[in-house]
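Visitor: After the structure tokens below, expect a handful of questions from me.
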Amino acid sequence: MIKLYAGLLCLLLFTAPALGNSQRSLEMSCGGELVQGGFVICSLPKTASGNYQINYGNGKTTDISSAHPALIPFSRNSALHIELAVIGASTDQQEIQPTHLQLTKGTWAIERIDGLPPGKITPRTLEQQRKVEADWIKKQAAWKHRANASWYANGFVKPVEKSRISGVYGSQRILNGQPKNPHLGFDFAAPKGTKIHAPANAIVVLADPDMYFEGGLLILDHGDGVMSVMLHLSRLDVKAGDVVNQGEVIGAVGATGRSTGPHLHWGIKVRGTYINPKLLLDYQVK
Ligand SMILES: [Zn+2]
């Protein structure tokens, strides 16, 4: 009799997880701004065990687990239908269903800027070209950074408090009459020396006072390669490796590099994709 019970118990222990597997299909929850240039922040249910990756198209992936959310960026020219496939094995083979998102089209302005010194549009001398190349290498190294944090999920504040919006994300730019790449940041016009605040907690990845196009430049990683890039600064108050808190003063507005007047250009680049910083400011953390 005892043997029989022991046998039954073994059978139950053996089959229970297998029965459970077919019911272990879980779903991510994603919230954000479903528009070109927007983003979603996705999280897994607490019951999901193990580490996963989200494949969000064009071979791009990012990590996600029940303890660590993921920010998925949509480029200015993103497809309007996005499938987020979740890959990776958990210890007990929980399956996460793909998430389908439908975006709306972005609407973009046309901005004309005249009176820029010609050498700042296309570098002319060999010396200028070498400087641009050296700057490019520094930036490439910075973009590879991935802070193991999700500070971006706690919301963003304006980096310049009192300012005038002088440029928006997505505009088609015409510089001295030449059509150029679209503007992929947000511009805050303010007098030279106006304080710049960290828009969210971050680690400083690159701090360089003298880049050819950008002038004084800061790159901050807000976690998982969600990066702020800040241009034209007159003063930098932090250095690479510093950890900064939201609201902390990190530099001052200037007109260094390719700039016609004092302003902060603030871009958000997420693992190679620029998104609209304004949408991060609008995002309400739940
Ligand atoms: Zn700008």
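Visitor: With each label point set 7 Å from Cα along the Cα-Cβ vector, what nm distance links residue 282 and residue 192?
Guide: Modelled inter-label distance: 3.5 nm.
Visitor: Compute the orientation-averaged projected area for segment 130-177 from the convex hull of its Cα atoms and round it to one decimal in nm². Please report the intermediate quantities before stating the final value.
Guide: Values: hull surface 26.2 nm².
That works out to 6.5 nm², a quarter of the Cα hull's surface.
Visitor: Distance in nm between label sites at residue 110 and residue 55, each 7 Å beyond Cα in the beta-carbon direction?
Guide: For the pair residue 110/residue 55, the computed spacing is 4.1 nm.
Visitor: Just subtract the alpha-carbon distance of residue 100 and residue 85 from 0.36 nm times their residue separation and send over the number in nm, one decimal. All intermediate terms of the calculation are to be shown ahead of the outcome.
Guide: Values: separation 15, 0.36 × 15 = 5.40 nm, distance 0.89 nm.
The residue 100-residue 85 span can extend by a further 4.5 nm.
Visitor: Could I ask something else about it? What's the angle, to the nearest 10 degrees (0 to 90), between helix 126-143's Cα axis and the longest principal axis of the chain?
Guide: Long axis of 126-143 versus the principal axis of the chain: about 20 degrees.
Visitor: Ok, one more. Give me the dipole magnitude in Debye, nearest 20, for segment 28-117 about the Cα centre, with unit charges on the beta carbon: positive for Lys and Arg, negative for Asp and Glu. Spell out each step's value before the answer.
Guide: Values: 5 positive and 7 negative charges, 30 e Å.
With only Lys, Arg, Asp and Glu charged at Cβ, the dipole is about 140 debye.
Visitor: Order the following by accessible area, largest value first: 278, 144. Probe radius 1.4 Å; ligands, DNA and RNA are ignored.
Guide: Numbers: 278 80, 144 150 Å².
Output order, biggest surface exposure first: 144, 278.
Visitor: Within the chain, what whole-number % of the accessible surface is contributed by carbon and sulfur, with the 1.4 Å probe and all protein chains included in the calculation?
Guide: Numbers: 8200 of 14780 Å².
Heavy-atom surface of the chain belonging to carbon and sulfur, 1.4 Å probe: 55 percent.
Visitor: Using 7 Å Cα-to-Cβ label points, what is the residue 162/residue 26 separation (nm, one decimal)?
Guide: 4.9 nm
Visitor: For Cα pairs less than 8 Å apart in space and 6+ apart in sequence, what is the mean separation divided by the residue count of segment 31-89, i.e. the relative contact order in percent? Don't skip to the answer; put the middle values down first.
Guide: On the way: 108 pairs, mean separation 24.1, N = 59.
Answer for segment 31-89 is 41 percent.
Visitor: Can I ask one more? Fully extended, how many nm does the chain gain between residue 126 and residue 172 (0.36 nm per residue separation, minus their Cα-Cα distance)? Present the calculation step by step, with values, prior to reporting the outcome.
Guide: Details: separation 46, 0.36 × 46 = 16.56 nm, distance 2.90 nm.
Full-extension gain reported as 13.7 nm.
Visitor: Turning to a different aspect of this structure: Please compute one quarter of the surface area of the Cα convex hull for segment 109-245 and express it in square nanometres. Each step should come with its number before you reach the end.
Guide: Values: hull surface 35.5 nm².
The directionally averaged projection comes out at 8.9 nm².
Visitor: Using the heavy atoms of the protein chains alone and a 1.4 angstrom probe, what is the accessible area of the chain per residue in square angstrom? Don't skip to the answer; put the middle values down first.
Guide: On the way: 14780 Å² over 286 residues.
Ligands and nucleic acids excluded, the figure is 52 Å² per residue.
Visitor: Give, as a single signed number, the net charge of other residues whose beta carbon lies under 10 Å from the beta carbon of residue 149, with Lys and Arg counted +1 and Asp and Glu -1. Don't jump to the answer; show the numbers that get you there.
Guide: On the way: positive: 146; negative: 221, 224.
That works out to -1.
Visitor: Turning to a different aspect of this structure: Percent relative contact order of segment 130-266, based on C-alpha pairs within less than 8 angstrom and at least six residues apart?
Guide: Details: 351 pairs, mean separation 37.2, N = 137.
So the answer I get is 27 percent.
Visitor: Shifting gears a bit: For the chain, what is the mean residue ellipticity at 222 nm derived from helices alone (per DSSP H run of n ≥ 4: -39500 (n - 2.57); sum divided by total residues; nearest 500 deg cm²/dmol)?
Guide: It comes out at -5000 deg cm²/dmol, rounded to the nearest 500.
Visitor: Along the positive direction of the dipole of the chain (beta-carbon charges: Lys, Arg +1; Asp, Glu -1; about the Cα centre), which of 29, 238, 39 reaches farthest?
Guide: Ranked along the dipole, the leading option is 238.
Visitor: Enter the angle in degrees (range 0 to 90, nearest 10) between the Cα long axis of helix 2-21 and the first principal axis of the Cα atoms of the chain, meaning the one along which they spread out most.
Guide: 30 degrees
Visitor: If I build a Gaussian network model for the chain, linking alpha-carbon pairs within less than 10 angstrom, which residue out of 61, 194, 47 has the largest mean-square fluctuation?
Guide: 47
Visitor: Report residue 126's accessible area, 1.4 Å probe, all protein chains in place, as a number in Å² to the nearest 10.
Guide: Near enough 110 Å² of accessible area.
Visitor: Share of Cα-Cα pairs in the chain beyond 26 Å, in percent? Don't skip to the answer; put the middle values down first.
Guide: On the way: 20431 of 40755 pairs.
Tail of P(r) above 26 Å: 50 percent of Cα pairs.
Visitor: Grab the Cα-Cα distance for residue 47 and residue 138, subtract it from 0.36 nm times how many residues apart they are, and report the gain in nm with one decimal.
Guide: Full-extension gain reported as 28.6 nm.
Visitor: To the nearest 20 debye, what is the magnitude of the charge dipole of the chain about its Cα centre, counting +1 on the Cβ of each Lys and Arg and -1 on the Cβ of each Asp and Glu?
Guide: On the way: 29 positive and 22 negative charges, 101 e Å.
In debye, rounded to 20, the chain gives about 480.
The values are calculated or read from the model by the stated rules, or taken from the named source; none is laboratory data. None of these values were measured; they are calculated from a predicted model. FYI the Cβ positions are ideal-geometry reconstructions off the backbone, even for glycines, and counts take in every protein chain you see. The accessibility values were calculated without ligands, DNA or RNA, using every heavy atom of the protein model including side chains. Shrake-Rupley method; radii C 1.70, N 1.55, O 1.52, S 1.80 Å.
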